[in-house]
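Below: one structure, written as structure tokens.
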Amino acid sequence: MFYRTIKITLILLLLGFMVFPVSESFSEGFLPEKAESMPDISLSASLLTKYIWRGQNLGNEPVMQVDASLSKYGFTLDVWGNYSLAHDKTLDSGRYQEFTELDYTASYEFSVGDALAKLGMDTVDILEPLSIKSGYTFYTFPNLDLKEKGSYSHETILGVSYDTLLQPYITWYWDVEAGKGSYLQFGGGHTFELGNGITSSIGTAFAYNDKQWTNKSGWSDVLVKADVSIPVLEYFMVTPQVAYSVILDRETYSDAESNEFYGGISVGFAY
């Protein structure tokens, strides 16, 4: 019942945004102008058909994923959660209408071009689009006993990206606790302007898993995804999305892992 209520509400909300015009007064924004000293605030809630993470199925029933972050001067503090919407306790490994994961991330990202300019140094054209990111994530799994092995973990993050047509990036995730291993992801994508602030994005990523949450190493998975983002009331974004996850090496993950098609819709707020 809980899942059906959320689903119907989101569908009606999306249809309302698409069918009914937004008044000019609302489209200009209903919140006061943000002070320069304030951090950027971002909130989102996503309803997805299942929870797929780095090629692994961590929830075969519908889930609600929520996120909240504060950002300023390149620093970001983020809290992310996954809530199981399973309607039957006998399904999905016992996950049943509860938070199965809460993650806390602190990160810092900077543009090499901007950094050189601030230091008064001559910029090199090829370096201007380059960005570097580092961070740390504390994974927790509230549905597990804290004394149980694997009920929490720690991961460091290091990544580089290049702001050009296909937005290429490389990110290294190193789990130093329960996952004990590395996950190296290579990806890219492109965003198309569709008019009236609406955009469509496509992207792909493939990864090499070095014994992270598994006992083998290999090219583990490929992810292909697409979405359409529709702005609403200046601060909100409604985003239908689909994705397909492909397992490259079934020796890296267990034979139980399979290719997965999933999708959903998210509603985001940015201020």
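Can you tally the net charge around Ala178? Count Lys and Arg as +1, Asp and Glu as -1, for every other residue whose Cβ sits under 11 Å from the Cβ of Ala178. Taking every Cβ under 11 Å from that of Ala178, the sum is -2.
Rounded, prolate or oblate, given the Cα gyration tensor of segment 110-217, with a/c below 1.5 counting as rounded? Mind dumping the intermediate values first?
Details: a/c = 2.32, a/b = 1.70, b/c = 1.36.
Because a/c hits 1.5 or more and a/b exceeds b/c, segment 110-217 counts as prolate.
Taking the three principal axes of the alpha carbon atoms in segment 39-170, the coordinate ranges are 62, 32, 26 Å, sorted in descending order. Fewest neighbouring Cβ atoms within 10 Å first, the residues Leu146, Leu102, Leu47, Leu158 line up as Leu146, Leu158, Leu102, Leu47.
Taking other C-beta atoms within 10 Å as the exposure proxy, Asp227, Asp163 rank Asp163, Asp227 from fewest upward. For the residue pairs Lys149/Lys211; Lys72/Lys180; Lys147/Lys216, the C-alpha atoms sit more than 21 angstrom apart in Lys72/Lys180; Lys147/Lys216. Annotation: the residues Tyr73, Tyr262, sorted from fewest to most other C-beta atoms within 10 Å of their own C-beta, follow the order Tyr73, Tyr262.
FYI, it's all coordinate maths here, none of it is from the lab. If you're wondering where the values come from, they're calculated on a predicted model, not measured in any experiment. Backbone-built Cβ (ideal geometry, glycine too); neighbour counts: all protein chains shown.
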